[in-house]
Structure formats: structure tokens, C-alpha cells
Amino acid sequence: MVEFWQHPYILLALGAGFLLGCLLITPWLLWLHRKHLQQLEAELENTISERTLELQITLQELAEKNQLLETQSTTDALSGVKNRAYFDRKMLAEINRSRREQRPLALVLLDIDLFKQVNDEFGHLAGDQVIRQVAGFIQSQLKRCSDLVCRYGGEEFALILPNTDSAGAYQVAERIRSLLAEKPLPVQQHQLSITISAGCYAAVANAESSIEFYVHHADKALYQAKSSGRNQVLTQPPLHQDRLQHDETKESKHATP
């Protein structure tokens with residue numbers, strides 16, 4: 001006797017049922033698999049987006065911190081203007097540019113007159129206030145974005161003036177000197193009359209030019225200004241006074257509406 005499950009029709013029916021079941025369930029399984037893949041893909045995209053955003057935020061914070069460190073490392077903490085290290089870097093770059101473009105480069109050294117007396121009479125905190133206010137005043141008088149003021153040391157400042165000849169450097173320094181002399185500075189409970197002396201040097205840089213070369217000549221003019229009475233601007237080599245007055249008159253007429 002043949003068992004029912006061994007009957008060919010039964011086996012055929014079972015086989016057909018199995019195939020039919022496979023045909024019916026396979027699309028559903030494929031749909032589930034596709035939905036699962038889509039979910040994984042969406043989760044992966046979200047993860048990538050989150051990580052990308054986090055990376056962008058991290059890079060932005062890092063750039064801001066680097067910028068802050070760069071600013072702190074190149075800014076004089078007391079005066080708020082650029083420091084001596086930045087002066088050396090900028091001056092070297094401008095010397096190279098002057099040599100390359102054959103344009104004059106001017107350096108002005110400015111020194112607060114009788115600064116020791118301020119410290120002795122009013123104290124070092126008052127002296128610090130004077131340095132800050134003088135630095136801010138000098139900065140406010142620079143009209144071109146290429147012009148730069150740095151604290152050179154102590155009560156001394158340096159102006160880097162690209163594309164400026166001796167007469168132009170003199171005019172910038174003289175304007176700063178004269179305006180500062182007219183306006184007493186509020187320091188603590190006092191109004192202090194502060195003056196500065198300045199020495200200017202300008203030249204088109206050549207292969208032998210160096211920072212020391214420019215500083216030497218500007219410092220020589222500053223020394224002459226200090227030793228001959230202070231509160232004045234001199235150039236090295238000296239400019240003819242008639243030429244300076246003529247240039248200043250032309251500038252004044254040009255500025256008058």
C-alpha cells in the first residue's frame with residue numbers, strides 16, 4: 001500500500017504549493033529587504049550629515065581659535081596695536097614689495113616726549129593709559145588700509161607707509177604730531193598735554209635694503225628731532241622746508257571744498 005504522501009499527485013500538489021508560496025512570499029521578502037536597505041541608507045545619510053556638520057563646526061571653531069591666537073600673538077597687549085614681532089614681518093614684506101614694484105616705502109618712528117616724567121609724576125598706570133591713548137590716536141589718523149602702526153618698544157611707535165615718499169611720510173607724521181599737541185589727553189583725573197617727536201625715512205628698496213637700514217635712518221631723524229627741542233618731525237635726509245610748505249599748501253587747497 002502506497003502512503004498518501006508518496007502519491008505522485010500529492011507530491012505534485014505539495015511541490016506546486018511550495019512554489020506558489022515562494023512566488024507569493026518572495027516579493028514581500030524583497031520589499032522588506034528593500035525597506036530595510038532604505039532605512040539603513042537613510043540612517044547612514046543622517047549619520048554622515050551629522051558628522052559632516054560636527055566636522056564643519058569643529059573646523060570653524062578651530063579656525064576661529066587659530067585666528068584668535070594669531071591676533072593675540074601679533075597684537076601688543078598694552079597698546080592694542082600690532083607688536084614688534086609683527087612689525088618685523090610686515091616691514092620685511094614691504095621691503096620686498098618696494099624692491100619688486102620699484103615704489104617708495106616710508107618708515108616713521110614716533111616717540112612720546114618726556115614720557116618718564118609722566119611715570120614719575122602720575123605713576124605707571126597713568127603712563128599705560130597715555131600709551132594706549134596715543135596708540136589709538138595714531139591709528140585713527142591713518143587713512144589708507146595699507147598703512148600700519150606698531151608699538152616698536154616702550155613709548156615708541158613705528159608707522160609703515162607703503163608707496164609713500166619722504167614728503168608724504170612727513171605730512172602724515174606732522175598731522176599726527178600737530179593734532180595730538182592740540183588735544184590734552186584725559187588720564188585719571190588729569191588732562192595731560194602730550195607731544196611726540198618723529199623721524200621719517202623713505203626710499204625705494206634695493207638688493208641691499210634691510211629692516212635695520214630703514215630703522216637706522218628713521219631713528220637718526222628721530223634723535224635729531226628729540227635733541228633739537230622735541231615736538232617736531234624731521235626726515236632723513238632733511239627735506240627743504242620751502243618744499244614742505246608748498247606741498248602742505250597744495251594739500252590744504254585740494255581738501256578745501
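Any read-out appearing in this document is the output of simple, stated calculations on the displayed coordinates, not a laboratory observation. Just so it is clear, the structure is predicted and the values come from calculations on it, not from any experiment. We place every Cβ from the backbone using ideal geometry, glycine too, and count neighbours over all the protein chains shown.
Once both labels are positioned 7 Å from their Cα atoms along Cα-to-Cβ, the gap between Ile48 and Thr75 label points is 4.1 nm. Report the net charge of residues surrounding Ile160, where surrounding means a beta-carbon distance below 10 angstrom and charges are Lys +1, Arg +1, Asp -1, Glu -1. Value of the local net charge: 0.
Do me a favour and compute the ellipsoid semi-axes for the stretch 162-210 from its Cα gyration tensor, root of five times each eigenvalue, largest one first, whole Å.
Those come to 32, 11, 7 Å.
Where Rh is the Kirkwood radius over the Cα pairs of the stretch 102-171, the temperature 37 °C and the viscosity 0.692 mPa s, what D in µm²/s does Stokes-Einstein return? Stokes-Einstein gives a translational diffusion coefficient of 250 µm²/s.
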